[in-house]
Ligand code: NAP
C-alpha cells in the first residue's frame, strides 16, 4: 500500500516488485491514489500479474468528476472538426499499438490474441466512424407564420457523462460510448472493469496521446462499491452509459433518480433456433462460434439452442462431435479455439450452474474443470452441452455467461418462438433455416433487439444500432451507429426574431 498521492508525466512505473503499476488519469495528469492498489491477474496463468492498479477512493472519483465538469464548457466550444481530429489521432494510436495492446488484453481477460487484435482495430474504426458521423448530427428548421422569425432546434451535449464498462470487450465497449460522448461535446469519467483495467488504460492513453485537452476524459480504476456512487450521482453526472450485468444496472438505475439519463446495456440468454430444413453443419458452426468463442462470455453468446425434433438427434450428434475437436488453451497460444474463464468468480459461477444443470437435465458432454499441464494455473472449463432441457429449468432461464449450451426440443416454428420469447431477456436471437417465409416471420416475431438469420448470435457492426429488449437494455437510445450519438445530446428549440 502506498500513502502518497503522486503525479507523473507517464501513467505507469515498474516498482521494486517488478510489477508495472498503472495510474489514474484525472484533470490532465497521471496520478496515483492515496488508497490501496489491486492486482490484475492473468486467468490463463494466475501466477502472472499483468499489472497493479489504483484501488481509488471516492475522493479520487470526485476529483475526476470535478475535472470533467471544469473542462466541459471549453470542450463544448471547441470546433467539432478539431474534436474529430483528436478522435482520429486516438484511432491512429490504437492501431499503431494494436499488437502490444492485444497481448495485454489476452493476458488480462483470456480471449485469443486474434480476437483481441480484431477488437482493438474495430475500436479504432469506431473512433473514426464517430469522428465523421458526429459532424452530421444537426437540428431541424420549422415553418412558422412570422416572416421575421426562424424556429429551429439545436442538439447540444449533456455535460459530464459516466462510462462504466465490463471486462469482456474492454476496449470496444468503452470506445463506442466515449467516442460519441466526446464528439458531441460532452466530457467523461471512465471507470473500466476491475477485471480488465489495462485495456481501458490503453484506450485512455490513446486519447492522451491524441492531445485531448485536460479534464475532457478522466480514467479512474477501483471497485464499484468505493467509487460507484461518486461517478453516478446527479447533478454532477448528467448521464450514465453502463454495460454490465442486469443486477448492477438495475441497482444503478434505482440509485440515480429520474433526471439522470441512463443507457443500460445488460445481460442476455440468447436463443438460436435450428429449423428442420436447416443446413445442420452450418447450424453446428453457428452454435460453436456463438456459444464457445470467448468461452461463452459474450453478452450475445448463444446459450439456448432450440432444435426441431425431426433433426434433434442428428444435430446433437454433430455438435458433440465438433465440440470434441475444440482445442482449449491460453489465448497467447496460436490455434486455440477456446480460452479460460476470465476470473475466479466466473469460474465458480459457471461450475455452480453446471452442477445445477446436472441435477436438472442431462450433461451430454464436458462441464468439468480442466486440470493437468497447461490448465492447472488457469480457469479452464470444458465446453458443456446439456440435453433434455425444459423451459422451467434454471439453466434455461438464467444467464450463465460461460461455455454452457442448453439444447431444448421444439416441435414447430410456433413452439420455437414461444420458447425463445419465454425469457426475461431479449438481447440477441438467431434462426437457421432455408425458408424465406420463416426468415421474414422470425424478424417480426422474436422479442430481441438483435435478430440474426443464418448468422451467429454474437457480433455487431460499428455503424448499426445495438441493444436489447426487455431486461437486456433499459434505454430508448441504442448504442452504436448513428443512434449512438442521440444518447449524448439534448434538444433545444430556438425562436429567433430579427
Ligand atoms: P458487472 O459486474 O455488472 O460490472 C460491470 C461494470 O460495472 C464494472 O466496471 C463494475 O465495476 C461496474 N459496477 C458494478 N456495479 C456498479 C455500481 N453500483 N456503480 C458503479 N459501477 C458499478 O458485469 P461484468 O461481470 O463486468 O460483465 C458481465 C455482464 O455484462 C454480463 O451480464 C453480460 O451479459 C453483460 N454485458 C452486456 C453487454 C451488452 O451490450 N448488453 C455487453 C457485454 C457484457 P467492478 O469491476 O469494479 O465491479
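Quick rundown of the values:
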| item | result |
| --- | --- |
| Test for residue 248: is it within 14 Å of the ligand (Cβ to nearest atom) and surrounded by fewer than 24 Cβ atoms within 10 Å (Cβ to Cβ) | yes |
| Candidate set: the stretch 366-390, residues that are modelled with pLDDT of 95 or more and more than 17 Å from residue 400 (Cα to Cα); chosen: the one surrounded by the most Cβ atoms within 10 Å (Cβ to Cβ) | 378 |
| Residue within the stretch 131-139 that is touching a strand residue (DSSP E or B) at 6+ places or on another chain (Cβ under 9 Å), surrounded by fewer than 24 Cβ atoms within 10 Å (Cβ to Cβ) and without any contact (Cβ under 8 Å) to a residue 40 or more places away in the chain present | yes |
| Residue within the stretch 201-213 that is within 12 Å of the ligand (Cβ to nearest atom) and either modelled with pLDDT under 95 or under 19 Å from the mean Cα position of the chain (by Cα) (or both) present | no |
| Residues that are part of a helix (DSSP H, G or I) and in the same structural domain as residue 490 (by TED's automatic domain parsing), drawn from the stretch 256-284 | 256 |
| Residue check, residue 232 within 12 Å of the ligand (Cβ to nearest atom) and either under 16 Å from residue 22 (Cα atoms) or outside the structural domain of residue 126 (by TED's automatic domain parsing) (or both) | no |
| Within the stretch 285-316, tally of residues that are part of a helix (DSSP H, G or I) and modelled with pLDDT of 95 or more | 19 |
| So residue 302, is it within 25 Å of the chain's Cα centre (by Cα), within 16 Å of the ligand (Cβ to nearest atom) and not assigned by TED's automatic domain parsing to the domain that holds residue 455 | no |
| Residue within the stretch 102-111 that is without any contact (Cβ under 8 Å) to a residue 40 or more places away in the chain, crowded, with 24+ Cβ neighbours inside 10 Å and in the same structural domain as residue 217 (by TED's automatic domain parsing) present | yes |
| Residue in the stretch 475-490 that is assigned by TED's automatic domain parsing to the domain that holds residue 181, on the phi > 0 side of the Ramachandran plot and crowded, with 18+ Cβ neighbours inside 10 Å present | yes |
| Per-region count, the stretch 456-471, residues part of a loop (DSSP other than H, G, I, E, B) and touching a strand residue (DSSP E or B) at 6+ places or on another chain (Cβ under 6 Å) | 5 |
| Single residue of 44, 68 found to be within 23 Å of residue 118 (Cα to Cα), buried (at least 17 other Cβ atoms within 10 Å of the Cβ) and either in contact (Cβ under 8 Å) with a residue 40 or more places away in the chain or touching a helix residue (DSSP H, G or I) at 6+ places or on another chain (Cβ under 8 Å) (or both) | 44 |
| Residue list for the stretch 417-448, restricted to those being out of contact with any helix residue (DSSP H, G or I) (no Cβ under 9 Å at 6 or more places or on another chain), part of a loop (DSSP other than H, G, I, E, B) and crowded, with 23+ Cβ neighbours inside 10 Å | 427 |
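The values are calculated or read from the model by the stated rules, or taken from the named source; none is laboratory data. Keep in mind it's a predicted model, so treat the numbers as computed, not measured. Note: ideal-geometry Cβ built from the backbone for every residue, glycine included; neighbour counts use all protein chains shown.
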